[in-house]
Structures are given as C-alpha cells and as structure tokens.
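Here's the structure, in structure tokens; my notes come after.
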Amino acid sequence: MNQSQQDPNQTTSAAPVDELISSLCATIPDYPKPGISFKDLTPVFADGAAFRVVVDALVAPFQGQFDAVAGVEARGFLLAAAAAYATGTGVVTVRKAGKLPREVVAEDYALEYGTATLELHTTDLAPGSRVLILDDVLATGGTLGAAARLFERCGITVAGVGVVLELEGLPGRTALAGQQVLSLLRV
C-alpha cells in the first residue's frame with residue numbers, strides 16, 4: 001500500500017488518528033482568558049505526515065458524496081484546500097463579512113457577546129452541487145451552522161461537516177442538527 005492509499009484512520013506508526021491529534025495538539029492554559037484551556041491544532045498541521053492523515057480521515061467517510069470542499073475562515077481554509085487537492089475537487093471559501101469582492105449571500109450568527117456575519121459568493125458553485133464543509137474546531141456550532149445555511153440558501157446540498165476537534169459539553173452538534181457531522185477527536 002503506497003502512502004496515498006494508507007488507511008486514513010492510521011498513521012504510519014499505526015496510531016489511530018485521534019491519538020495522533022492528541023499527541024501533537026498543544027494545550028495553552030488560560031488563553032484567551034483565565035480558565036480557558038485553548039487547544040492549538042497548528043502543531044498537527046505543521047507535521048506533514050499528520051496533516052496528510054487528518055485530511056484523509058476527514059474526507060474518507062464522504063468520498064464520492066461531494067463536488068467541492070468549503071473552508072471556513074481561517075483555519076478551515078488549510079483543511080479545505082488540502083482536501084480539495086487530495087480529492088480532485090474544487091475549493092470554496094466562507095469568509096467574514098466584507099472580504100469577498102463579488103455578489104454574496106450573508107448569514108449572521110451568535111457569538112458569546114454579540115453577532116458576526118459570514119459571506120459566500122453566490123456563483124462559485126451551481127445550485128444542486130454538493131459541498132463538504134471543513135473547519136478545525138466545533139464548539140458552539142454558530143460558525144459552521146451559518147456556513148451550512150449559506151450553502152443551503154444558494155441551493156447547494158451540504159454533504160457533511162468535518163472538523164478535527166470537537167469540544168464536548170458545548171452545543172455544536174445541536175446547531176448542526178440534520179447535518180452529518182464528523183469529528184476526528186472529541187475532548
């Protein structure tokens with residue numbers, strides 16, 4: 001089996017993908033504020049072999065079910081670009097308000113203290129297309145829920161939502177009710 005055909009749930013050292021992520025993910029205490037233990041996935045992305053395993057594991061369950069991969073600003077861009085390249089599909093970006101130059105559809109979502117807005121170009125994918133949405137972390141589900149609604153409003157089917165890390169005890173899955181959600185590691 002060559003490297004591109006390796007089991008997406010196993011690293012070259014035969015460790016399951018969740019253990020690989022756990023071993024490389026940095027935990028930063030009291031960031032961004034006291035009492036929060038921030039899970040930093042950038043060491044996972046910086047390790048070439050681990051990044052390949054993560055991307056392969058994110059797309060494998062959805063293989064053949066999507067025409068494009070969407071990344072949510074900003075770390076989702078890294079995952080989506082790699083996944084699109086690996087699967088020979090297109091990549092689409094879901095951006096913060098005011099970042100896209102052509103006609104957009106916008107969706108507001110709740111933050112801890114206020115709201116934010118995501119935007120999507122209306123013509124990047126044709127109605128009836130299928131998209132796999134990727135991001136790094138699922139917490140409250142506000143961002144990913146807004147991204148899914150954007151695609152649905154454009155007549156695009158959300159084939160699934162994939163994340164590297166899901167924070168248990170937060171309502172992320174509730175905000176994505178009706179979506180097929182894959183998280184590689186739940187903490």
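Can you give me the long-range amide H partners of residue 67? Hydrogens built in the peptide plane at 1.01 Å from N, cutoff under 5 Å, separation of 5 or more residues or another chain.
Those lying under 5 Å, H to H, from residue 67 are 130, 131, 132.
For the chain, which whole percent of the accessible surface, found with a 1.4 angstrom probe, sits on carbon and sulfur atoms?
Working: 4780 of 9170 Å².
Ligands and nucleic acids excluded, carbon and sulfur give 52 percent.
Can you work out the Karplus-derived ³J(HN,Hα) for every residue in the range 99-108? Use 6.51 cos²θ - 1.76 cosθ + 1.60 with θ = phi - 60°, whole Hz, and x for glycine or proline.
The phi angles translate into 9, 9, x, 9, 4, 10, 10, 10, 9, 7 Hz.
For residue 103 and residue 30, what does the FRET efficiency come to when R0 = 30 Å and r is the distance between their Cβ atoms, rounded to the nearest 0.05?
0.10
So what is the 222 nm mean residue ellipticity for the chain from helices alone, if each DSSP H run of at least 4 adds -39500 (n - 2.57) and you divide by all residues, rounding to the nearest 500 deg cm²/dmol? All intermediate terms of the calculation are to be shown ahead of the outcome.
Working: 6 runs with 54 residues, N = 187.
Calculated at 222 nm, the ellipticity per residue is -8000 deg cm²/dmol.
By its C-alpha gyration tensor, with a ≥ b ≥ c as the square roots of the eigenvalues, how is the range 51-118 shaped: rounded for a/c under 1.5, else prolate for a/b larger than b/c, else oblate?
Details: a/c = 2.48, a/b = 1.80, b/c = 1.38.
Prolate shape, in that a/c is at least 1.5 and a/b is the bigger ratio.
Quick one: if the Förster radius is 30 Å, what FRET efficiency do residue 47 and residue 186 give, using the C-beta to C-beta distance and rounding to 0.05? Let's see the in-between values first.
Numbers: r = 21 Å, r/R0 = 0.69.
Between residue 47 and residue 186 the formula returns 0.90.
Give the long-range amide H neighbours of residue 38: residues separated by 5 or more places, or on another chain, with amide H under 5 Å away, using H modelled in the peptide plane at 1.01 Å from N.
Those qualifying (amide H under 5 Å, at least 5 residues apart or on another chain) are 28, 30, 31.
How far apart, in nanometres, would the label points at residue 112 and residue 65 be if each is projected 7 angstrom from Cα along the Cα-to-Cβ direction?
So the two model labels end up 3.2 nm from each other.
Just to confirm, what accessible area per residue do you get for the range 83-133 at 1.4 Å probe, in whole Å²?
Working: 2930 Å² over 51 residues.
Result: 57 Å² of accessible area for each residue.
What residues of the range 18-36 lie in the reach of a label at residue 167, counting those whose backbone N is under 14 Å from a point 7 Å from the Cα along Cα→Cβ?
Label zone hits: 27-36.
Using the Karplus equation 6.51 cos²θ - 1.76 cosθ + 1.60 (θ = phi - 60°), what ³J(HN,Hα) coupling, rounded to whole Hz, does each residue of the range 43-55 give in order, writing x for Gly and Pro?
So the J values, rounded to whole Hz, are x, 5, 5, 6, 8, x, 5, 5, 4, 4, 4, 4, 4.
Given charges of +1 on the Cβ of Lys and Arg and -1 on the Cβ of Asp and Glu, with all other atoms neutral, how large is the dipole of the chain about its Cα centre, in debye to the nearest 20?
260
Assuming a ≥ b ≥ c are the square roots of the Cα gyration tensor eigenvalues, decide whether the chain counts as rounded (a/c under 1.5), prolate (otherwise, with a/b larger than b/c) or oblate.
Details: a/c = 1.89, a/b = 1.16, b/c = 1.62.
Oblate.
The values are calculated or read from the model by the stated rules, or taken from the named source; none is laboratory data. Bear in mind the structure is a predicted one, so any value in this text is a computation, not a measurement. A quick note on method: Cβ atoms are made from the backbone with ideal geometry, for glycine too, and the neighbour counts reach across all protein chains shown. Heavy atoms of the whole protein, side chains included, go into the accessibility calculation; ligands, DNA and RNA do not. Shrake-Rupley method; radii C 1.70, N 1.55, O 1.52, S 1.80 Å.
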